[in-house]
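Some notes on the structure that comes next.
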Amino acid sequence: MTDDRFEEPTLSAEEMIARLGPTGRQRLRYVLLLLAGAAGAVLIASLWATEPGGLPPRTHLAFAALTAVGLGWAGFAGWALTRRGPLYARDRVIAARLALGFAAGTAAGTVTIAAQRGDATAVLTALAAGLVLVAAAALALLHARARRTALLRLRDDLENRRS
């Protein structure tokens, strides 16, 4: 018994490539990410700007970092929404890099704060939590790169068949 569904492709290479662009659901997720990142950045910046009295330097640094994280996610979502053609999972790679950077920064910050307080249990807890975050983000980056490589290989195969 033969399965003739795989003998002749039903879509042309151009149609298959066009389908790799962001779907309506993905665009909605990017819109929500843009709104959440911008709202978070505005909220943190508003709290920072309206805080009465002088703040310690570490608090200024924390407010700046949290505002930057919100703006980073909002900027990424805006970039993804403005792309017209297929992204070939480039958006996933960029998001995973952002996540890895933010996770590493968060881990370093929490471990530093715990170490300054001199509590060994807090340092170990912060270190363990940070390692989990960084490992999850690194795994997401590896997966995103593999997906992008596979899609680029598929694109190249389709273009070679067309030639």
- [ ] Kindly express, to the nearest 10 degrees and within the range 0 to 90, the angle between helix 90-117's C-alpha long axis and the longest C-alpha principal axis of the chain.
- [x] 20 degrees
- [ ] Find how much the distance from Ala49 to His143 grows on full extension, using 0.36 nm per residue of separation minus their present alpha carbon separation; answer in nm with one decimal.
- [x] 29.9 nm
Open item on the list: Can you give me the distance in nm between label points at Arg83 and Thr125, each placed 7 Å from the Cα along the Cα-to-Cβ direction?
Closed with: 3.9 nm
Task: Cα long-axis angle, helix 57-82 against the chain (0 to 90 degrees, to the nearest 10) - done: 20 degrees
Task: Apportionment of accessible area to carbon and sulfur, the chain, percent (1.4 Å) - done: 65 percent
TODO: Would you calculate a helix-derived [θ] at 222 nm for the chain, using -39,500 (n - 2.57) for each DSSP H run of n ≥ 4 and dividing by the full residue count, to the nearest 500?
DONE: -28500 deg cm²/dmol
Task: Per residue, the convex hull volume that the Cα atoms of the range 38-130 enclose (Å³) - done: 92 Å³
Open item on the list: Here are labelled values, [x] 43, 21, 11; [y] 22, 18, 16; [z] 37, 22, 13, and one is the computed semi-axes √(5λ) of the Cα gyration tensor in Å for what I pasted. Which one?
Closed with: [x]
Open item on the list: Along the Cα→Cβ direction, 7 angstrom out, place labels at Ala136 and Leu28. What is the inter-label distance in nm?
Closed with: 2.4 nm
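The values are calculated or read from the model by the stated rules, or taken from the named source; none is laboratory data. All values derive from a computational prediction rather than experimental measurement. With ideal geometry, Cβ positions are generated from the backbone for all residues, glycine too; neighbour counts draw on all protein chains shown. Protein only, heavy atoms only, side chains kept; ligands, DNA and RNA dropped before computing areas. Shrake-Rupley method; radii C 1.70, N 1.55, O 1.52, S 1.80 Å.
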